[in-house]
Structures are given as structure tokens and as C-alpha cells.
Amino acid sequence: MSKLRLTGSTSGFTELTAPAVAGSNTLTLPTSNGTADQALITNGSGTLSFANRVQMVQGTAVASTSGTSIDFTGIPSYVKRITVMFDGVSTNGTSIVLIRLGTSSGVEATGYKGTTGDGGTPDLYSTGFSSSPGFPAASIVNGQFVISSFGSNTWAESHLLGRSDSVQIMFGGGIKTLSGTLDRIRITTVNGTDTFDAGTINIMYEG
Amino acid sequence: MERIEVNVITGEQKIISLTTEEIAEIRSRPQPEPVPEPTAEEKLAAAGLTVSELHQLLGLEVTP
């Protein structure tokens, strides 16, 4: 038999067909239905199982024209890398823009280890992934932060940003170990009171 | 003060007023000194140029 046809109870059918030169292959189905968005994979010997697909999900751009912070929540636990993109982002003050990571218990404001620079004297940071040692008034910032899973709730960061109102690049890198599974990020400022007043921010996540 | 919150799964956006505890925490942070805008000389140095090199590039004669 080269095909197995399962007839629908009302109409139509589903058919499994063997290749013309079929070889001798046995495919063993998984013992469960898997979870949403999983795909069937093989162990190379014909045993099939469900596994998470590598997905790259583009978020919806958010206008960074108000608020003292912008949170992206509900980040799935399978995510291994997050890219935070700035397009013309500005605030109404001079407090440094930074990114903080969080869990279902909240956003964490300590334990970040790294350095950021802008061509002048670089600066250590500890209260967030800091964009720059300084944030001159009226800075309009473009570029991205890339935040990658190191394993065991530890996340590494690198960023490269450029101002479009003046000649200045911002760059840096660091690491942060969270108390639990990452499910949110926050874009805010060191002082927490400066307000975003221009631009858009988006994220892309994958895993 | 307000926070914008975006759920990446549903796309829902909310504007949330900060709680009194959150505002108190923010107000308790040390406020850094404002960072001055870089001078023209600092911008030149960041680009790897000296003033004399810029003059030469622009074909300007400099009187000592």
C-alpha cells in the first residue's frame, strides 16, 4: 500500500502517502500533543517529538512621546534574545536613558555590571543598561540595544546608538543576572522623572 | 508621572499612573549633574582631527 487515506466523517479525507522509492522508514509519533506553536522534529532515527520553533517576533512600535518609562511586558519565557530599537528618541531632560530587565515580580534596578562610552570618558553602570555616560539636552538618539540570554537568568547586553542632532555615538556592554525568568523590560532614565518627548521605540524578540 | 506599558503578545498599550511608592522611590534617587554639550574642540577630537588639520582641510590660512 502506498497511501493511507482517512475519510472525514462528513466529507473529504486526509491522506498519508509514501514516496515512490520508499526505503524502509518508521516514524514514531510523540506521546503528547505538544504545546501551541511547537513543531515536530526527528531524532534522526525516526522518533518524532514536539519542540519549540525558532521564532523572530517583531513588536509594535510605541511612540516615545510621553511617560517617564516605557515597559514591554509579556515577553515569552522561550526568548533568548531581545533587540530594543530607538528611532529619534528624546527626553525633556539630561538624565541618561537606560534599560532595565524584570520578572513577574517587577523591574530590577540593581546588579547591572558594565561600561558605557561616547568617545569621552566611559562610565561604569550598575542601575540599568546605561546608554551613555552623559545625555546632553535635546539629544535625539537612534540605534539599538541587543540583550542576549547567557543562561540561568543571566543576560548580556551590547548597544550602539548615534545621535542625529549632533555628532555623538554611544556604545557599551554589560551583564545582569535576574532573580527569575525575564518577562519584561523597561526603558527609562536614571533620575526617573525626565519624560520621553519624541521618537518611537520597538522591540524584536527571538528564541 | 506616568508609564507606558505595552504587552508584546496582545499589543495592548496602557498608560499607568505611577503609585505613590514608585514616585517616592524615584524622588529618593540622587540627581546627577547635567552633562554639558561637547565643545567644538571636543567634537573635533572625537572625530580624530585637530584644529590645524581642520584648517588645512578647509584650505584656511592661519595667521599666528
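The values are calculated or read from the model by the stated rules, or taken from the named source; none is laboratory data. Quick caveat: nothing in here was measured; it's all calculated off a predicted structure. Ideal geometry is used to build each Cβ from the backbone, glycine not excepted, and the neighbour counts take in all protein chains shown.
Across region A:4-40, which residue is nearest to the other protein chains (Cβ to nearest Cβ) among those that are in a strand (DSSP E or B) and aliphatic (A, V, I, L, M)?
Of all residues in region A:4-40, those in a strand (DSSP E or B) come to A:4-7, A:13-17, A:28, A:38-40.
After this cut, where a residue has to be aliphatic (A, V, I, L, M) as well, the list is A:4, A:6, A:16, A:39-40.
Numbers: A:Leu4: 38, A:Leu6: 35, A:Leu16: 34, A:Ala39: 19, A:Leu40: 24 Å.
Going through the qualifying residues, I end up with A:Ala39.
Of the helices (runs of 4 or more DSSP H) lying entirely inside chain B, the ones with 3 or more residues being exposed (fewer than 12 other Cβ atoms within 10 Å of the Cβ) are found at B:20-27, B:51-58. State all residues of region B:1-56 that are under 21 Å from the mean Cα position of the chain (by Cα), more than 8 Å from every other protein chain (Cβ to nearest Cβ) and among the polar types (S, T, N, Q); if no residue qualifies, say none. Residue satisfying the conditions is B:Thr39 alone. Applying a threshold of 8 Å to beta carbon distances and a minimum spacing of six or more residues, or different chains, the list of pairs starting in region A:166-195 at a residue that is facing another protein chain (nearest Cβ under 10 Å) and without any contact (Cβ under 8 Å) to a residue 60 or more places away in the chain and ending at one that is part of a strand (DSSP E or B) and hydrophobic (A, V, I, L, M, F, W, C) reads A:Ile169/A:Leu160; A:Ile169/A:Leu161.
Quick check on region A:41-98: of everything there that is part of a strand (DSSP E or B) and among the aromatic types (Phe, Trp, Tyr), which residue is nearest to the other protein chains (Cβ to nearest Cβ)? Walk me through how you get there before you give the answer.
So in region A:41-98, the residues part of a strand (DSSP E or B) come out as A:41-42, A:47-52, A:56-58, A:62-63, A:69-73, A:81-91, A:97-98.
Still in the running and among the aromatic types (Phe, Trp, Tyr): A:50, A:72, A:86.
Numbers: A:Phe50: 20, A:Phe72: 5, A:Phe86: 15 Å.
Residue satisfying both the conditions and the ranking: A:Phe72.
Would you check if A:Gly67 is at pLDDT 95 or above, within 30 Å of A:Thr91 (Cβ to Cβ) and surrounded by 12 or more Cβ atoms within 10 Å (Cβ to Cβ)? So that I can check it myself, show each step before the final result.
Details: at pLDDT 95 or above: yes; within 30 Å of A:Thr91 (Cβ to Cβ): yes; surrounded by 12 or more Cβ atoms within 10 Å (Cβ to Cβ): yes.
It is true that A:Gly67 is at pLDDT 95 or above, within 30 Å of A:Thr91 (Cβ to Cβ) and surrounded by 12 or more Cβ atoms within 10 Å (Cβ to Cβ).
Looking only at region A:99-110, residues that are among the small types (Gly, Ala, Ser) and within 12 Å of chain B (Cβ to nearest Cβ) come to 3 in all.
Residues A:Ser90, A:Ser104, A:Ser95: which one is modelled with pLDDT of 95 or more and more than 17 Å from the chain's Cα centre (by Cα)? Spell out the reasoning first.
Working: A:Ser104 fails: more than 17 Å from the chain's Cα centre (by Cα); A:Ser95 fails: modelled with pLDDT of 95 or more.
Exactly one of A:Ser90, A:Ser104, A:Ser95 is modelled with pLDDT of 95 or more and more than 17 Å from the chain's Cα centre (by Cα), namely A:Ser90.
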